[in-house]
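First the structure, in the form of structure tokens, and then the observations on it.
The values are calculated or read from the model by the stated rules, or taken from the named source; none is laboratory data. Just so it is clear, the model here is predicted, and its values are computed rather than measured. Note that each Cβ is placed from the backbone with ideal geometry, even for glycine, and that neighbours are counted across all protein chains shown.
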Amino acid sequence: MPLSTTTQAQVIEETRRWLKNIVLRHNLCPFAHKPFKQGTIHYLVSQANEAEAIAESLLQALLALRNSDINSIETTLLITPNCFSDFSDYNEFLGVVDRLIEQLHLLGIIQVASFHPDYQFADLDADDVRNYTNRSLYPMFHLILEESIKQARATHPDVHAIPQTNMDLLEKQGLTETVQQLSDCRQHKPVIDV
């Protein structure tokens, strides 16, 4: 069933809350602060419930980001609330994402980061808190301009340490608190100032 306009707005609102209350608050992505504050994150909700239609939405989103002015759209979140509820289906679709980027000659221009409510790293148990570094409220694909990443890397002292730093932070915080914070993003709790 297609999302209503109100529901699309709610998906975006909850995603913005997740970004602000979790990703930015805990500095899980040090590069996200600038586009969030400057309003250069494009939120795109696909109503599709089949992978083929998501692939078409992804293709359009990739081309739009490639053709955009980085000062207007620096990054895109393609959110798919009606598709990929199963993480294994989502994970398998990442192969399609890679092929699309290659076919569109976007290697080195755009890269994709993956987020899912049940995200699980291959070497971790499903209930390991460290999976929450990539857990979101909805399945989504984060399309990022490489130019933006290069600029951010130039100002960050140790990019390669970010994933481990994030995992350490969540381990220290604990599973119960981490799950609660994610749940609060759906509960219309106030947005935390970052």
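Does any residue of segment 102-110 turn out to be in contact with a His (Cβ under 7 Å, 6 or more places away or on another chain) and either assigned to a loop (DSSP other than H, G, I, E, B) or closer than 24 Å to residue 17 by Cβ (or both)?
So far as segment 102-110 goes, no, none of its residues is in contact with a His (Cβ under 7 Å, 6 or more places away or on another chain) and either assigned to a loop (DSSP other than H, G, I, E, B) or closer than 24 Å to residue 17 by Cβ (or both).
Condition test on residue 21, is it assigned to a loop (DSSP other than H, G, I, E, B), in contact with a Cys (Cβ under 9 Å, 6 or more places away or on another chain) and either within 30 Å of residue 181 (Cα to Cα) or modelled with pLDDT of 95 or more (or both)?
no
Are there any pairs, at least 6 apart or on different chains, whose C-beta atoms fall under 8 Å, with the first in segment 70-92 and closer than 17 Å to residue 111 by Cα and the second exposed (fewer than 15 other Cβ atoms within 10 Å of the Cβ) and at pLDDT 95 or above, and if so, which?
73/64; 76/64
How many residues does segment 119-154 hold that are surrounded by fewer than 17 Cβ atoms within 10 Å (Cβ to Cβ) and part of a loop (DSSP other than H, G, I, E, B)?
Final tally of qualifying residues: 8.
Anything in segment 31-52 that is over 17 Å from the mean Cα position of the chain (by Cα), part of a helix (DSSP H, G or I) and touching a residue at least 24 places away in the same chain (Cβ under 8 Å)? List them, or say none.
Within segment 31-52, 38, 51 meet the criteria.
So which of 107, 170 ends up being surrounded by fewer than 16 Cβ atoms within 10 Å (Cβ to Cβ) and either modelled with pLDDT of 90 or more or out of contact with any Lys or Arg (no Cβ under 6 Å at 6 or more places or on another chain) (or both)?
107
Inside segment 53-76, can you point out the residues that are of a type outside the set (S, T, N, Q) and in contact with a strand residue (DSSP E or B) (Cβ under 7 Å, 6 or more places away or on another chain)?
58, 61, 62, 65, 66, 70, 73, 74
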